[in-house]
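The values are calculated or read from the model by the stated rules, or taken from the named source; none is laboratory data. Owing to the predicted nature of the structure, the values given are computational and were not obtained by experimental measurement. Reconstructed Cβ throughout: ideal geometry from the backbone, glycine too, with neighbour counts over all protein chains shown.
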Amino acid sequence: MNNMSKKIILALIPCICALMLGIVSGVDEFPFPDCNDYINLSYSLSNNFSFCHASIPPAWRTPGYPLSIMLFSWMDGYSFLAANLLFMFGIGFFTISIAEKWNVKPLWLISLLLTFSPGLITLVSVPLSEIAFTFFLIAAVYAIIIDRNNISGICLSFATLCRPIGMFIFLLFLGWLIRKKKKLVIVLLFVVLANLLPACWTARNYLKYDHSVYTTLGGYNLLYYKVGSYLSWKTGTPLPEIKKQLNASLQNIDNPFERSRLAGQLGRKLLLKNFLGFCLWSPRNLVYFFMPDINPLLERMKIISGNRGTYDILRRKGSWAAFNYYFCGNYFAMAIALVYTFFYIIISVLMLLGIGNFWQKKKYVEILVFICLAFYFMILPLGNLDWRFRMPIVPLSFIFVTAGWDFVRNR
């Protein structure tokens, strides 16, 4: 068996697991509220090539992921699953290829870790944009490592078209190119390609709605989650109640673009007013980024119902209160979660050992790539952090876990 065939087989293994989960759990029932938005937009695109839906505010979602689902519309209800499986295969293939470039072995362990990553596998089985975004990000990392800078820029452009959180990630790659002392024309071309599709989407919104915005989500996220989460913790008020209070001044504004603009304006004003307190509170919120990702799998398999409001209780009352509320006396689910948490801790320790192993071998650039991406996804969404924001760096983290495993085995 040649090297390419081996990588293809290893990349297929997590896809098989995700396919089984999607089929067993059902392709028409989803535990996450955002799923219906992507499904509805993909149907609208496939039926009349219109990126509009009555239930979704204009420019609320970016078009990358619905377009991906639309390409498989001939598979009807399985369209999102087909797209996600293709993305998952790419994630596995490029992650293994990066590990190969970084001389990390054994490669089969990366495939195994991807297979038993409950967060990633669950995301493959539902219509959410994280899997598409993660694929384009990992592909961009691999492309820039092998000095295919233009391809890397295009991949980042597609990634941002899937999730707005990718808007500023090209700056990290730009630092890589500057460090490599690339010619100015190469750097400029990369910047143009990395921002091409988001710029086109912004131009579309201006021509269609007379508002040059990329997404109307931004203002709401700033006001309701960054500021709202902090005020909820500070005052001990449930987050839904805080949202109602913050929304009071926006209720009479019908234009969604104007509402988003004013929400962002109010959010910035309140954030600056509470800036010191927000900075002191931020480390508390960072904890949610590292939460074990077993719960989404339990919800997808209908073992637990996923009580809404758990994150609010977690913010205000702590881990034990949230744990009891979420599982609602389901001891079987509690046992699974505790066992996985123990496994998750071991994986985390191995990752740290892997980083230490890279440091000993003076692979500082590789560590920097991972650390910069990790901080990017930790800092940018502060206030609304959960397991989903960690998923784009999980494949890269498994490379360091594998290096840690190899380090322990050799000792």
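Taking region 176-188, which residues are in a helix (DSSP H, G or I) and either more than 26 Å from the chain's Cα centre (by Cα) or farther than 16 Å from Ile146 by Cα (or both)?
Ile178, Arg179, Leu184, Val185, Ile186, Val187, Leu188
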Working only within region 159-181, note down all residues that are surrounded by fewer than 22 Cβ atoms within 10 Å (Cβ to Cβ) and closer than 21 Å to Ser68 by Cα. Pro164, Ile165, Met167
Qualifying positions in region 374-411 - assigned to a helix (DSSP H, G or I), more than 23 Å from Trp102 (Cβ to Cβ) and touching a helix residue (DSSP H, G or I) at 6+ places or on another chain (Cβ under 7 Å): Trp387, Arg388, Phe389
Which listed residue, of Ile98, Ile165, Ile110, is closer than 22 Å to Arg390 by Cα, part of a helix (DSSP H, G or I), within 14 Å of the chain's Cα centre (by Cα) and among the aliphatic types (A, V, I, L, M): Ile165
With respect to Ala59, is the statement that it is modelled with pLDDT under 90, of a type outside the set (Phe, Trp, Tyr) and within 22 Å of the chain's Cα centre (by Cα) true? yes
Go through region 189-305 and tell me which helices (runs of 4 or more DSSP H), entirely inside it, have 3 or more residues that are of a type outside the set (S, T, N, Q) and touching a residue at least 60 places away in the same chain (Cβ under 8 Å). 228-235, 295-300
